[in-house]
Amino acid sequence: MRMEDGFYKVASQSRDMRYDVTLVSTGWKCSCLDYYYRTMRYKHIIAVEISQRLRDKVRKNVLLNASRSIMGMDLISMLNLTVTETVYFEPAV
């Protein structure tokens, strides 16, 4: 779930908890133990990157159709609304 730009809460696949994924000057970091011990791009960070790419694609598609209005609200104005996303990561089996 995107909390704000550069800060996500990503659900654990095995526990009832969420990990903090935060953008820092050197890239993304995660609060999970796997990242702590490996300090490398890991599944929670990959989930955030996928979410960002999807969000960018949606934003570009909306901008392509910016001349339309939905229920009287301009799409450009709608882009300024706060949107949260839930990111679930399922590893390949």
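Looking only at residues in the stretch 5-20 that are closer than 16 Å to D34 by Cα and of a type in the set (A, V, I, L, M, F, W, C), which one is surrounded by the fewest Cβ atoms within 10 Å (Cβ to Cβ)? Among those residues, the one meeting the criterion is M17.
Within the stretch 31-59, the set of residues being among the β-branched types (V, I, T) and within 12 Å of the chain's Cα centre (by Cα) comprises I45, I46, V48, I50. Residues of the stretch 1-30 that are of a type in the set (K, R) and either under 14 Å from the mean Cα position of the chain (by Cα) or closer than 11 Å to V48 by Cα (or both): R2, K9, R18, K29. Among the listed residues S25, S67, identify the single one that is more than 15 Å from M3 (Cβ to Cβ), loosely packed, with under 11 Cβ neighbours inside 10 Å, at pLDDT 90 or above and not acidic (D, E). Answer to the selection: S25. With a requirement of 3 or more residues that are hydrophobic (A, V, I, L, M, F, W, C), the strands (runs of 3 or more DSSP E) lying completely within the stretch 1-60 that satisfy it span 7-11, 18-24.
The values are calculated or read from the model by the stated rules, or taken from the named source; none is laboratory data. Keep in mind the model is a prediction, meaning the values are calculated, not measured. Cβ coordinates were reconstructed from backbone atoms using ideal geometry, including for glycine residues, and neighbour counts include every protein chain displayed.
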